[in-house]
Amino acid sequence: MKSSFNANDDYTEGLILNLSVQWRCRQKANLVPRQWLQPSTAEKVENQASANYLISFMTETTPNSPDSQVNKPPLPDHLSTDARSKFHDAKVFEHDIGILFNDKERFDVEEYCLSEGWIKVPVGKKVDRFGYPLTVKLKGKVEAFYK
């Protein structure tokens, strides 16, 4: 005699139903990532063309060639990631920047000053009343470089 209730089958069916409902809700809200959808023929051609352009662009110069170093602006003495600051320079941030603080690379630096020897880093996840991170000033040996 077959049992009318099987926990595994009901759990699996409920899980599949739940996933399909979530999928339909995301489709309606346009929250489905583009890579999940099948690209049209036009998108395939466009993606292939952009990929070919990217490959040709990357093979023209290598990252370590002298030509790539010429286009980088010199690193300023005082630099801030905050766009509201007078020490913010958008052209510098077009390239990857590294900060060495006391001979260790730091990845969470909000602001630095080479001549005065300090960096500002956020204090955990604390924010002020405007939503900006609270920072603390650390003093030591500071070096900035392009990666």
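Bear in mind that the values in this text are calculations on the coordinates, not laboratory data. The model shown is predicted, which means the values in this text are computed figures rather than measured ones. Heads up, the Cβs are rebuilt from the backbone with ideal geometry, glycines too, and the neighbour counts pull from every protein chain shown.
Would you mind putting 129-135, 116-122, 91-97 in packing order, based on average other-beta-carbon counts within 10 Å, highest first?
With the highest mean Cβ count within 10 Å placed first, the list reads 116-122, 91-97, 129-135.
In terms of modelled amide H atoms, which long-range or inter-chain residues lie less than 5 Å from the amide H of H88?
Amide H neighbours of H88, under 5 Å, 5+ apart: S80.
Which entries of K120/K141; K72/K147; K86/K137; K125/K147; K86/K120; K91/K126 show an alpha-carbon separation above 20 angstrom in the structure shown?
From the list (K120/K141; K72/K147; K86/K137; K125/K147; K86/K120; K91/K126), the Cα-Cα distance tops 20 Å for K125/K147; K91/K126.
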